[in-house]
Amino acid sequence: MTVKGFEEYLARLGVRPAGRPSVEELFALQRAHLARIPYENVGIQLGWPPGMAPEESVRRFAAGEGGYCFHLNGALAALLGALGYDVSLHAGGVHTDADGRGATGNHLALTVRVGGAAWFVDVGLGDGPFEPLPLREGTYALGDFVYRLRRSEAEPGGWSLYPPRSSDIRLMEFRTEPATLADFADEHVRLSTAADSAFVKTFAMLRRDEKRVWVLRGRVLTRIEAAGAVTEEIDTPEEWFGTMEERFLRRVDGLDADDRAALWLRVSRAHG
């Protein structure tokens, strides 16, 4: 894809490229991506999981939708490449326990070289760092959220990201070796269609900005800030779909009456 093919995507991000790669622009792109394009699994929940080809993801983002890591980081990598950035894809592994199991391939991570330095870039964790992190060991406070980046014990030469305690993720590990999007094809199918996949079992939507993280799991809305987490249950489909648009900036006009009814029934059954 040429830069011209990303115009509507860039319009949604609200970023106008300067014409040459820079650290400042890279930061602006990651901030805007996390703040404006949600992590979500609407299509998977409806039984029509979207493909992970960057061209398809770019079209869906331009239409007001979101995605999960293979869509979000895959499309961003394509955009960065078109803008002239030196970007690499890496096989990662997201874990809910701090021991981890290495880079299992259930996550796509990015590194970018610009300004004479290497950066860890990730818009596909839902509540990941709001800005790129230097690709070196350290503890990084981004607003009220603290992340730790360490050398991985499970992946020789690789890296481990430890998110804040407020995250459901305890650890994300990724390999140093570059990968291609095709390397994730089988895992994408499994995560999108397998009955035991968390993406199939549970509706989830996340969006973060500089000060907070919004999480919608099923019919429970959570706002996570420095002072703690506040949750509320959503009782009506009108409020639920309105929350998607207002809190997560996810357009729902592409969902017809049958889609909406199916989604609401699904989350209501899971709610209990």
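Return the residue satisfying two criteria in turn: it lies in the stretch 1-33 and is part of a helix (DSSP H, G or I) and basic (Lys, Arg), and of such residues it is nearest to Glu131 (Cα to Cα).
Ranking the candidates gives Arg31 first.
Of the residues in the stretch 67-80, at least one is assigned to a loop (DSSP other than H, G, I, E, B) and closer than 23 Å to Ser167 by Cα. Residue check: Met52 meets all listed conditions (1) touching a helix residue (DSSP H, G or I) at 6+ places or on another chain (Cβ under 6 Å); (2) part of a helix (DSSP H, G or I) but one, namely (2). If you go through the stretch 223-236 one residue at a time, do you hit one that is farther than 21 Å from Pro50 by Cβ, buried (at least 17 other Cβ atoms within 10 Å of the Cβ) and free of Cβ contacts under 8 Å to residues at least 60 places away in the same chain? Yes: one or more hits. Taking into account only those residues within the stretch 153-187 that are under 15 Å from Thr96 (Cα atoms) and without any contact (Cβ under 8 Å) to a residue 40 or more places away in the chain, which is surrounded by the most Cβ atoms within 10 Å (Cβ to Cβ)? Among residues in the stretch 153-187 that are under 15 Å from Thr96 (Cα atoms) and without any contact (Cβ under 8 Å) to a residue 40 or more places away in the chain, the one surrounded by the most Cβ atoms within 10 Å (Cβ to Cβ) is Pro163. Report, ordered by the first and then the second residue, all pairs with beta carbons closer than 8 Å, sequence separation of six or more or different chains, a first member in the stretch 256-272 that is closer than 11 Å to Trp240 by Cβ and at pLDDT 95 or above, and a second member that is not in a helix (DSSP H, G or I) and not polar (S, T, N, Q). If the second residue must be not in a helix (DSSP H, G or I) and not polar (S, T, N, Q), the pairs left are Arg260/Val252; Leu263/Phe203; Leu263/Leu255; Val267/Phe203; Val267/Gly218; Val267/Arg219; Ser268/Arg219. Taken over the stretch 172-194, residues that are more than 18 Å from Ala204 (Cα to Cα) and either within 15 Å of the chain's Cα centre (by Cα) or of a type in the set (S, T, N, Q) (or both) amount to 3. Restricting the stretch 215-252 to residues that are small (Gly, Ala, Ser) and modelled with pLDDT of 95 or more, the residue that is nearest to Leu13 (Cα to Cα) is Gly242.
The values are calculated or read from the model by the stated rules, or taken from the named source; none is laboratory data. Just so it is clear, the model here is predicted, and its values are computed rather than measured. Positions of Cβ are backbone-derived with ideal geometry, glycine not excepted, and every protein chain shown enters the neighbour counts.
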